[in-house]
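Have a look at the structure that comes next, please.
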Amino acid sequence: MGRRRQWHIPSWVMFSPYLFLLVAFGVVPIILAFGSSMGTSMANKDGGLDNYWLVITDFRFLPALRNVAIFLVIYVPVMLFVVTVMAILLDVRHGSRNKYLMLALIVPAAITGSVAILVWYFMLEPTLSPFRDVLNAMGITQARQIWNSGNMAFIFAAMAFFTGAGYWILIQYGSLQSISDEILEAAHLDGAGPVQMAVHIKLPLIKKYLVFMAVLTFAAGLQLFVEPQLISSSVYVGIAKGWSLNQVSYDLAFASANFAGAAALSLLLLLVCLVAGLLLIFKTDFFDRSEHLAR
Amino acid sequence: MGVSGFSIGRYTVLGLFALVSVIPMIWLLLAPSKTGAQLQSMSPFAFGSFDNYILAWNNLQSLDEGVIVRWIMNSVTYTAFIVFVSVVTATLAGFVLAATRLPFKQFWLIVTLIAMLVPPVALVLPLFIEIKTLGLFDSPWAVMLTSSLFPFGTFLAYIYFATSVPRELYEAAKIDGCNEYQIFWWVARPLARPLLGILAFFAFVATWTNYFLPFVLLASNENYTLPLGLGVLFSATPALNPGLGATQLPIGRPEVALAGLLVAIPILVVFLLSQRFLVRGMLAGGVKS
């Protein structure tokens, strides 16, 4: 008995710093936010679960939901398609050029958050942009032609795409490497060309990585905040005010002093991401091997 | 013909995409070398002069008595703390999950997976409520503590210690009478160098560029990080929005571009330094062993 107890104490000691952070900043905030979401506000003097209903029926909710939905419908499929194509093209030949290509593709990942706003401001400013010839050829000579509310979903999708594409291409390129050489060799002997190889052999074999990517890009996209908030608060003022769901939550908290509503909305968004995560863990085979390893 | 046609097409598509990917960064590197007027008159890819970088840097210092230096120091301090704490805690936890006996191990693994799959942004408002309750609002500790939770790192460390280190090594050390601390220190730690590099890479990139969390948890200018400071420059100067009117400050587009460059450069350097293990590290999040 004594020996077994000894066996566990060091494990707990080494595990506890992480466990403390996990509980303190992963679990406790959710419990506190749930408590807040039950609280009272000017909008709801009684508090309680009504806050959730009030937030969903808030006049700002539906437009933001629509914006984020359009953004996701553009962003997620484009991301999946381009990343898959690029990863497969890279994988066709494993030359030394691949190293430099991949390094180039990861560069935009360094341009994120407030730097992304700065850089995209210039990229889409027809008088200053390195792409100005392309913009002019499209008949765009003034920034206002691009920066209008109808285009916001496309602009935010483009920003998010370029920030994330490099990482995902590397990951999917990596997943393609895990396909065994024998399978590829056999397909090659059967006369499969590079395209057939990609569509009939490689794609089905990396499907679970693509599902993984689709769920994670969806979850991250749902939480869109920084880009619309920064653009709208300081560059093109008001152009994307309350544009995304997280902005609505932020405005509820800091502009309307309705913390209960803000907490309710952010918990609803968190819930969607939690469900997506749980589906990945329990309904796909993505983490199978790791659970098997856990013994 | 078919093969070489495919090959040409392949390099054209990849090459074009690579080109579009690097152009914004090249532009950003060159922008502060030009004056505001030159940004308009010269080619976007023209180089102005080195002196303009110095000039832009000196001009940036005119804001709030050189608060930009403070932002840089804050970014460096917060990031150093967070990278250190998150990498150490994740490595230890990953080791415990992979190589020792721990009650409810499966449960901790699943909780870690869930925490890793939920985007950090989703927790910002709940964390704000917690930080307010703790009385830590607008304290650097608010950012440093909350950002040190690194479930993705724990998962990577777990995969690493479970697959890259042969289980027999742990068993042998146990038979030789080592306890868990000793197994970690003498067996796992010396073999964990590649892992530490990958973890530090991810922790650094995520922390250095983080915007939303510090934006919500901090309030005073002097506690801000460099990315937050860049946001301040957007709204405090007419650089990106002439509508904000001329201020007394000599901060225009080249200055703001330089501030953006200061945020982007460390990430770029880290990419260059770590490209060797980048592909492998990315994949470690998957399941290839």
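What nm value, rounded to one decimal, do you get for the distance between residue A:127 and residue B:104 when each label is placed 7 Å out toward the C-beta?
Label at residue A:127, label at residue B:104, 6.2 nm between them.
What GluC sites (Glu not before Pro) does region B:79-171 have in DSSP loop regions with at most 12 other beta carbons within 10 Å? Show your work: numbers first, answer last.
Details: sites: B:130, B:168, B:171; in loops: none.
Those that pass, being in a loop and sparsely packed, number zero.
Under 30 Å from the Cα of residue A:99, which lysines turn up, not counting those fewer than eight places away in the same chain?
Answer for residue A:99, where 30 Å is the Cα cut-off: A:202, A:207, A:208, B:288, listed by chain and number.
Give me the inter-chain shielding for A:99-106: mean count of other chain Cβ atoms within 10 Å, whole number please.
Working: counts 4, 2, 6, 5, 7, 9, 6, 10.
So the per-residue partner count for this stretch is 6.
For residue A:45, give me every one of the aspartates and glutamates with a C-alpha distance below 17 angstrom, ignoring sequence neighbours fewer than eight places off in its own chain.
The reachable aspartates and glutamates, counting only those whose Cα sits under 17 Å from residue A:45, are A:58.
Roughly how many Å is it from the Cα centre of region A:33-60 to that of region B:156-205, as a whole number?
Using only Cα atoms to place each centre, the spacing works out to 47 Å.
Same structure again: Once R0 is set to 56 Å, what does the formula 1/(1 + (r/R0)^6) return for the Cβ-Cβ distance between residue B:7 and residue A:50, expressed as a FRET efficiency to the nearest 0.05?
On the way: r = 63 Å, r/R0 = 1.13.
E(calc), rounded to 0.05, equals 0.30.
Another question, if that's okay. Choose one answer from B:160, B:170, B:181: the residue with the largest mean-square fluctuation in a GNM of chain B with alpha-carbon springs under 10 Å.
Most flexible of the set in this elastic network: B:181.
Using the 2.2 N^0.38 Å rule of thumb for compact globular proteins, work out how the protein assembly as shown stacks up: its C-alpha Rg over that value, please.
Working: Rg = 24.8 Å, N = 584, 2.2 N^0.38 = 24.8 Å.
Its radius of gyration relative to the 2.2 N^0.38 Å reference: 1.00.
Please state the Cα pair-distance histogram of chain A with 10 angstrom bins from zero: what percent is in each bin?
Result, from short to long distances: 5, 19, 26, 24, 17, 8, 2, 0 percent.
State whether chain B is rounded, prolate or oblate according to the following rule on the C-alpha gyration tensor (a ≥ b ≥ c being the square roots of its eigenvalues): a/c under 1.5 gives rounded; otherwise a/b larger than b/c gives prolate, and the remaining case gives oblate. List each step's numbers first, then the result.
Numbers: a/c = 2.59, a/b = 1.49, b/c = 1.74.
Judged from the Cα gyration tensor, chain B comes out oblate (a/c at least 1.5, b/c at or above a/b).
Calculate the FRET efficiency for residue A:70 and residue B:179 from the Cβ-Cβ distance with a Förster distance of 45 Å, rounded to the nearest 0.05.
0.20
Per-residue ellipticity at 222 nm for chain A, helices alone: DSSP H runs ≥ 4 residues times -39500 (n - 2.57), over residue total, nearest 500 deg cm²/dmol?
Details: 15 runs with 198 residues, N = 295.
Computed ellipticity for chain A at 222 nm equals -21500 deg cm²/dmol.
Could you work out, residue by residue across A:23-34, how many beta carbons of other chains sit within 10 Å of that residue's beta carbon, and then give the average as an integer? Walk me through the numbers before you get to the answer.
Details: counts 2, 6, 11, 11, 2, 6, 11, 7, 2, 9, 7, 2.
For this peptide, the per-residue mean of nearby foreign Cβ atoms is 6.
Now, a different point. Which chymotrypsin sites (Phe, Trp or Tyr not before Pro) from region B:8-69 combine a DSSP loop assignment with at most 14 other Cβ atoms within 10 Å? If you can, show how the numbers build up before the last one.
On the way: sites: B:11, B:17, B:27, B:45, B:47, B:50, B:53, B:57; in loops: B:45, B:47.
Answer by residue number: B:45, B:47.
I'm checking a number: the convex hull volume of the Cα atoms of region A:41-96, normalised per residue, in Å³. What is it? Write down the numbers at each step before the final one.
Details: hull volume 7.3 nm³, N = 56.
About 130 Å³ per residue, rounded to a whole number.
Now a separate question. For an R0 of 22 angstrom, estimate the FRET efficiency from the Cβ-Cβ distance between residue B:41 and residue A:145 and round to the nearest 0.05. Provide the component values of the computation, followed by the final result.
Working: r = 22 Å, r/R0 = 1.01.
For R0 = 22 Å, the calculated efficiency reads 0.50.
Only helical DSSP H runs with n ≥ 4 go in: add -39500 (n - 2.57) per run for chain B, normalise by residue count and round the 222 nm mean residue ellipticity to 500 deg cm²/dmol. Could you put the intermediate results ahead of the total?
Details: 14 runs with 202 residues, N = 289.
Dividing the helical sum by the residues of chain B leaves -22500 deg cm²/dmol.
Over what distance in Å are the Cα centres of region B:1-48 and region A:128-178 separated?
Cα centres, region B:1-48 to region A:128-178: 14 Å.
Where a number appears in this text, it was derived from the coordinates with a stated rule and is not lab data. Predicted, not measured: the structure shown is a model, and the values here were computed from it. Backbone-built Cβ (ideal geometry, glycine too); neighbour counts: all protein chains shown.
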